[in-house]
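Below is one structure, written out as structure tokens, with a few remarks after it.
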Amino acid sequence: MTSTDMVVREGTNVTMVCRATGYPEPYVMWRREDGQEFNCNGESVNVVDGENLTISKVSRLHMGAYLCIASNGVPPSISKRVVLMVQ
């Protein structure tokens, strides 16, 4: 099941999930909607490959909209927007 908008407590871990099916099997990646880098497992990244985006020790800096993008080379690519709110 693909994640919907999420509210998490600061300092906890969060995993956002994006499931996509198709033929050929789609490639799935996550990025911030605003294009900014974000800290994922101690690294500053623009894109995370795969269906799961896990962020450890969430801070308010992680708050915002993320896009899950699925593409299998057959247009169009599909995207799902998930908003992460941090309390």
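Please treat every number below as a calculation from the coordinates, not as lab data. Note that the structure is predicted; figures quoted are calculated from it, not measured. Here the Cβ is made from the backbone with ideal geometry for all residues, glycine too, and neighbour counts use every protein chain on show.
For region 24-65, which positions are under 9 Å from the mean Cα position of the chain (by Cα) and closer than 17 Å to Glu10 by Cβ?
Answer for region 24-65, where residues must be under 9 Å from the mean Cα position of the chain (by Cα) and closer than 17 Å to Glu10 by Cβ: just Thr54.
Quick check on this structure: which one of Val28, Val8 is of a type outside the set (Phe, Trp, Tyr) and more than 18 Å from Val83 (Cβ to Cβ)? Lay out the reasoning, then the answer.
Values: Val8 fails: more than 18 Å from Val83 (Cβ to Cβ).
Selected residue: Val28, the only one of Val28, Val8 that is of a type outside the set (Phe, Trp, Tyr) and more than 18 Å from Val83 (Cβ to Cβ).
Out of the residues in region 1-16 that are in a strand (DSSP E or B) and exposed (fewer than 14 other Cβ atoms within 10 Å of the Cβ), state the one that is farthest from the chain's Cα centre (by Cα).
Per the criteria, the residue is Val7.
Given the condition in contact with a strand residue (DSSP E or B) (Cβ under 8 Å, 6 or more places away or on another chain), without any contact (Cβ under 8 Å) to a residue 12 or more places away in the chain and acidic (Asp, Glu), answer yes or no: does some residue in region 36-58 qualify?
Among the residues of region 36-58, at least one is in contact with a strand residue (DSSP E or B) (Cβ under 8 Å, 6 or more places away or on another chain), without any contact (Cβ under 8 Å) to a residue 12 or more places away in the chain and acidic (Asp, Glu), which makes the answer yes.
For region 67-86, enumerate the residues that are of a type in the set (Ser, Thr, Tyr) and touching a residue at least 24 places away in the same chain (Cβ under 8 Å).
Filtering region 67-86 for residues of a type in the set (Ser, Thr, Tyr) gives 71, 77, 79.
Ser71, the sole residue that qualifies.
Between a residue in region 5-25 that is free of Cβ contacts under 8 Å to residues at least 60 places away in the same chain and any residue that is β-branched (Val, Ile, Thr) and in a loop (DSSP other than H, G, I, E, B), which pairs come within a Cβ distance under 6 Å, given they are 6 or more apart or on different chains?
Partner pairs satisfying both residue conditions: Thr12/Val58; Arg19/Thr2.
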